[in-house]
Structure formats: structure tokens, C-alpha cells
1. Please verify whether the range B:9-24 includes one or more residues that are at pLDDT 95 or above, aromatic (Phe, Trp, Tyr) and within 23 Å of the chain's Cα centre (by Cα).
2. Take A:PHE19 and decide whether it is within 11 Å of chain B (Cβ to nearest Cβ), out of contact with any helix residue (DSSP H, G or I) (no Cβ under 7 Å at 6 or more places or on another chain) and either modelled with pLDDT of 85 or more or within 18 Å of B:ILE113 (Cα to Cα) (or both).
3. Working only within the range A:115-143, note down all residues that are of a type in the set (Val, Ile, Thr) and surrounded by 18 or more Cβ atoms within 10 Å (Cβ to Cβ).
4. Restrict the check to the range B:279-289 and report whether at least one residue is facing chain A (nearest Cβ under 10 Å), without any contact (Cβ under 8 Å) to a residue 12 or more places away in the chain and of a type in the set (Val, Ile, Thr).
5. So, in the range B:223-236, how many residues would count as being in contact with a helix residue (DSSP H, G or I) (Cβ under 7 Å, 6 or more places away or on another chain) and without any contact (Cβ under 8 Å) to a residue 60 or more places away in the chain?
6. Between a residue in the range A:183-209 that is in contact (Cβ under 8 Å) with a residue 40 or more places away in the chain and any residue that is part of a helix (DSSP H, G or I) and among the basic types (Lys, Arg), which pairs come within a Cβ distance under 8 Å, given they are 6 or more apart or on different chains?
7. Tell me which residues, restricted to the range A:213-250, are over 30 Å from A:ASP44 (Cβ atoms) and more than 11 Å from chain B (Cβ to nearest Cβ).
8. (1) surrounded by 13 or more Cβ atoms within 10 Å (Cβ to Cβ); (2) more than 29 Å from B:THR212 (Cβ to Cβ): which one isn't true of B:LEU103, the others all being true?
Amino acid sequence: MKINALLEKLLSRTILSLFLVYTLFPMLWLVMASLKTNVELLGDPFRLPAPPQFGNYVNAFKSAHLALLFSNSVVISFSATALNALVASMAAYVLSRYKFKFGSVIFSTLITGILVPVSALMVPYFTLIRTLGLYDTKLALILTYTAISLPLSVFIIKGFMDSIPGELEEAALLDGCDFYQKFFRVIVPISRTGIVTAATFQFLSSWNEFLYAMLLTSSEQVRTLQMGIRFFASQFTTDFTSMFAAIVISIIPSVAMYSLFQNQIISGLTQGSIKG
Amino acid sequence: MQRTTHFRTGAILFLLPALLLFAAYFIYPVGYVVVVSLMKWDGMSSPGFVGLRNYSALFHDEVFRISIRNNLIWACAEALIQVPLAIVVALLLARKPKGWKLLRTIYFFPHVISGIAITMMWGAIYNNERGLLNGFLRLVGLSGWEHNWLGGLGSAFPSVLVYGLLYIGYFMVIILADISSVSRSYYEAASIDGATRTQQDWHITLPLIKGTIATCVTLAMVNGLRQFEQVLLLTGGGPANSSSVLVLYLYKELQNFHYGTANALGTVLIVLGGLVILTVRRLFNAAKYDM
């Protein structure tokens, strides 16, 4: 019995450690490679960089125009996140707090969007954006990202709003709040957790998005970071270390966002918001 | 009375932006994809109605057959490898070993980082001459196993497919959350009866989290159908289209202005997605599962 328990523990530790190494090793190796010289990298891929070449990062910034790409990504991701949070919480507010004839039909139609493979809709998105005259603009991506994750955001935020007790609203009504005041002063502050959860997911997916960034823009002026590092890789195939440095830089904001809102993400996944 | 009208105006105003965006980005495009899939159209000249000819052309097309086969393999591999691994790890973490919270955080990491970054990282690992994988094989004296991973006909698709399957954090977190919501009293009763942890997991935990597993299987399979970035960046679908997938093929057809075929591919993807959802629902037949 005792030996069995010991074996079980050993097996469990082994499995957990294997996944840990699998997850971490490539990332650590990437950071290490970004600090090497190209000669070092080609020589022995496993040796530590000596001395660390921070110049790779400077190089990446200069030759890949990272500053421009970075600011484009920031503008696009933050605008899409803010717009998505606003539109989604407005809709969630009505769908959660008001009972009307087609309310549940509208809600269930909206959330089927969560499972639609949006990459299948490339052609209509492309023609839609061209027809609106938005091809190759930041607004094209902002609108697209806002719309694509709308079903998920409405779903998450409505879930939180549903749990707000009705008495609170009645109190607000007695205090003379109208529709809009009730939304901005009572419901939004209380649903903060839900809105932040949805916004975090939205930020990460906009920051990391690639397909539509590639399809709906073409010039460098509006190019996002993800597109930029892809371009960088195909243009400067010999300068591997600067490419790795650029990748590391592109990862930093998502990792920062995740660390900041880690509990939100975990509880967002936890509270059944994604589970359905 | 005046108050009600006021509230009705507010409600309509608040719903409108979401409904407009949804109509423009989901309802209209799905209809568009289906309708244009019945046409021969290059996006400029006037479209001509061709019925199901785009579809019959696809089914005789080798690249399409390879792509759909690869996508189905991908969807099944996610359901049969990734989800079970996530369940095992979630069960292990649910026993709260030392540092389980940190592990939960780290396992989720790959889902935070962009697919582009991860894929380029793996491109460097698979690289034929300078790659980490071949370097490692040389290091441990297995130089006979060295291989042009992304360039080989037989190895390109498996190489593109396999590394992502082992990133289990997303499903692991969802399952772990569901496990922790199972009432303690079941386990207490079981341990009084002398059931080991493994027996408890098998007979109590797994049946109780069936609904969540069904959700994960659905998400995993739909995810397998959506794959694109990994293939585009690592192999571009090659060699000889052996690693092609539907979304990549759709993208190429769009670039060639074959809008009819591209949308036929889109329709196939949407239908496959719907089939996956229905099948999983039927298989698990779980009342709790409602997405």
C-alpha cells in the first residue's frame, strides 16, 4: 500500500515536471538565443551566451521598425478592447436586466457566434472592409476584432450581470436614476469583474491576432507587431538573433497583461463563462 | 408610461451597436459564403451561378482531400490526445501538490503568447541545419535520427501538428475549475469505504465533470478545424501540399481570386464545425452541457 502511494506520487511528479519543462524550455531558449551572436547561435545552440548581446534588441528596434509596429498594435488592441467592452456591456445590460419578447432569442443567436469558425468568413470580411473603404486602415482591424469577440464578451459580461440582485436596481430607480445613469453608475461598477475578464481576453486575442492583420492591411504604416515579426523573419533570414529579440519584445505585453490579470483569466475560465 | 417609452428607447439604443456588428460580421457573412459558393466569381467581373459545381470540383481536387484529411486528423488528435492529457494533469493538480498554483500559471503560458511567436520558436527548433532538435539528437549520439523535419514528405504534417497538442493549459484550467466545484462529501464518503485517490478520480470525479469534458472536446475539435498559422509559417502547406489545411487552402484561393471555391471551402468549414458540435453533444448526451 505504502509503496503504491509512493509510486503514484513519483509518477505524478514526473508527469507534472515533464509538462513544466516542455512549456518553459523553448521560451527560455528563445530568450537565451536572443542574447547571443549569430556565430554563437550556429556553433552550439545549447551554450549560454557570453557575453549577452543586448545589441540584438537595438538592432531589432531599428531594422524592423519595432517602435512603429508596437504603437500600431497598442492603438489597435486598446481601441478594439475599449470598443468591445462598451458595446458588449451595453448589450449585456439590456439582455440581462430587461425581460422582453425576443430577448432570449437575441441572446442565444448572439452566442452561437462563439463557435463559428470566423476564418471561414475571410472572403466576406475582405469584401466588407473594401466596400466600406477601410482596407489597409487601423479602423478595419479595430472593427473586425471588436466584432469577432463580441459574442464571447456579451456571454461573459451577461453572466456577471445576471448575478446582480434586483433590489439594487429598484433602489437606484427610487433614487431617480434613469436608464443611462443606472447603467453607468450602478450596473457597470458592480459588473467590473466581468467586464475586466472579457476585456483581458479581448486584449490578448487582438494583440495576438494574425490572419486578419495579414488579410486586411498591406502597408507598413498600419502593420501590427505580429505581422511585423513575420515580415522581419522573411526579410532578414540571416539575422536570427535580432529576429528572436523581436519575438521576445512582441511577447512582453501579453505576458505582462496575463501576469496583471492572471486571477481574472483563471476565474473567467472558472466561473463557467467559457464553459458554457 | 413615459418612463416605459424612455426605457424602451434606451434598450434599443444599447442593443443596436452589438446587433449591427453581429449582423455585419456573422449573419451577413455566413449567408454570403453560402451564396457565393454557388457562383463562379473573380471578385470583379459579374458573378455567374454554377450550382454545386464548385463543390464537385473540390471533391475531385487532391489538395482539398489532403486538407480535409489533415484537418480531421488535427481535430481528432486534439480530442483524443490533448484533452485526455489535460484531464490527467488537472486530476493531478487537483490533489494540490506543492506549487500547484504556480504550475497552473505556467502551463497556461503558451495560450497567452501569440501563435506567431510560438510557431517561429518551433521553426527554430525544427530547422534542418541549425535546429535545436537535430542539435539535441547529435548531442545524445542519435545522429542517425536527424531529419529534415519540416521538409520531409512524411514528417512535415506530423511536425506541424504535434507540438501544439502538448500545450494543455487552457483545457486543464477549465477542467481543474470544474473538479474543484465537486462537493467534498463525495470523496469523504468514498475514502471511508476505502477507495484510493485513483479510484475516486475514476468513479466520482470523471462522471461528474462529463459536461465540461464535452465542452473541451467541442472546443478542441473546432480548434483543430481552424488551424492555419502553424502551417502557413512552418511549411506553407508543403512539401507537395502534404501539410495543407482547409483555412490555408481557402486563403490561397482567395488570393487567386477564386471566390467561388474559397467560399465553398468556407461553407465546408462551417458545416464541419456544426457537425462536430452536434456529434459531441450526441456522444456525451449530457444535460449539463449547453453551448
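1. Yes, because at least one residue in the range B:9-24 is at pLDDT 95 or above, aromatic (Phe, Trp, Tyr) and within 23 Å of the chain's Cα centre (by Cα).
2. Values: within 11 Å of chain B (Cβ to nearest Cβ): yes; out of contact with any helix residue (DSSP H, G or I) (no Cβ under 7 Å at 6 or more places or on another chain): no; either modelled with pLDDT of 85 or more or within 18 Å of B:ILE113 (Cα to Cα) (or both): yes.
Criteria not met by A:PHE19.
3. The initial filter retains those residues of the range A:115-143 that are of a type in the set (Val, Ile, Thr), namely A:116, A:118, A:123, A:127, A:129, A:131, A:137, A:142.
Scanning the range A:115-143 gives A:VAL116, A:VAL118, A:VAL123, A:ILE129, A:ILE142.
4. Of the range B:279-289, the ones facing chain A (nearest Cβ under 10 Å) are B:288-289.
Still in the list and also without any contact (Cβ under 8 Å) to a residue 12 or more places away in the chain: none.
So far as the range B:279-289 goes, no, none of its residues is facing chain A (nearest Cβ under 10 Å), without any contact (Cβ under 8 Å) to a residue 12 or more places away in the chain and of a type in the set (Val, Ile, Thr).
5. We begin by selecting, within the range B:223-236, every residue in contact with a helix residue (DSSP H, G or I) (Cβ under 7 Å, 6 or more places away or on another chain); these are B:223-235.
With the extra rule that they be without any contact (Cβ under 8 Å) to a residue 60 or more places away in the chain, the set shrinks to B:226, B:228, B:232.
So the answer is 3.
6. A:ILE187/A:ARG97
7. Start the filter on the range A:213-250 by keeping residues that are over 30 Å from A:ASP44 (Cβ atoms), which leaves A:213-227.
Residues satisfying the conditions are A:LEU216, A:THR217, A:SER218, A:SER219, A:GLU220, A:GLN221, A:VAL222, A:ARG223.
8. Single failed check for B:LEU103: (2).
The values are calculated or read from the model by the stated rules, or taken from the named source; none is laboratory data. Since this is a predicted model, take the numbers as computed values, not measurements. Methodologically, a virtual Cβ is constructed for each residue, glycine included, from the backbone with ideal geometry; neighbour enumeration extends over all protein chains shown.
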